[in-house]
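The block underneath contains the structure these notes are about, expressed in structure tokens.
Just so it is clear, none of the values below were taken in a lab; they were calculated from the coordinates. Computed from a predicted structure; not experimentally measured. Methodologically, a virtual Cβ is constructed for each residue, glycine included, from the backbone with ideal geometry; neighbour enumeration extends over all protein chains shown.
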Amino acid sequence: MKLGLPRIPEKLALAMLFSARVLIGLLFFYSGFSKLIQPIEYFEVAVGLYDIVPDAVIHRVAMITPWIELVGGTFLLLGYALEKSAVVLSILTGLFQIILGQALVRRLPMDECGCFGGGFIHMTLYQSFVLDTVLVLLLIQIAGAEKNIFSLDNKLLGS
């Protein structure tokens, strides 16, 4: 007797993966864009509140991170360089988890994570940690997928 979960039909699995890719792409695009349209000092303050990044590096982190999010989110939306984009965003999100985790353990007095540059999405540190966990797991699935639908990679590679 074989026990296990039933297999998901391939078309449904591809549709679910595509939906996850689009939602995560939009989330990262919005996160990067919302930080880029604000004065950089706002995100520098948010980075500094975590008290983990050396002061000499805060400005560079605040300049580079939104661009990684914006470009990575755009690439996911387009289905361009999917494996690399998903790997980069999963590493970035894993770093966010470490930073959030240390802030939770240290009980830093922060009302929100600062993840979305003061836009209309506001999350506590714990909410953001849980979201980041789900994102990392989904990004790993996207990076490891053998097939993708509606992707620029398919058009460029002729698949």
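The distance between label points at Leu14 and His122 comes to 4.3 nm (points 7 Å beyond Cα on the Cα→Cβ vector).
Give the whole-number value, in cubic angstrom per residue, of the convex hull volume spanned by the C-alpha atoms of segment 11-145.
Numbers: hull volume 13.3 nm³, N = 135.
So the per-residue Cα hull volume is 99 Å³.
Of all segments of the chain bounded by chymotrypsin sites (Phe, Trp or Tyr not before Pro) found in a DSSP loop with no more than 14 other C-beta atoms within 10 Å, the longest spans 1-119.
Are there any trypsin sites (Lys or Arg not before Pro) in segment 45-148 that are in a DSSP loop and have at most 16 other Cβ atoms within 10 Å? List them by number.
Working: sites: Arg60, Lys84, Arg106, Arg107, Lys147; in loops: Arg106, Arg107, Lys147.
Sites meeting the loop and neighbour criteria: Arg106, Arg107, Lys147.
Adding -39500 (n - 2.57) for every DSSP H run of four residues or longer, then dividing by how many residues the chain holds, sets the calculated 222 nm ellipticity at -23500 deg cm²/dmol. Each Lys and Arg Cβ is given +1 and each Asp and Glu Cβ -1; about its Cα centre, segment 11-145 then shows a dipole of about 420 debye. Structural descriptor for the chain: relative contact order 30 percent, calculated from alpha carbon pairs under 8 angstrom and at least 6 residues apart.
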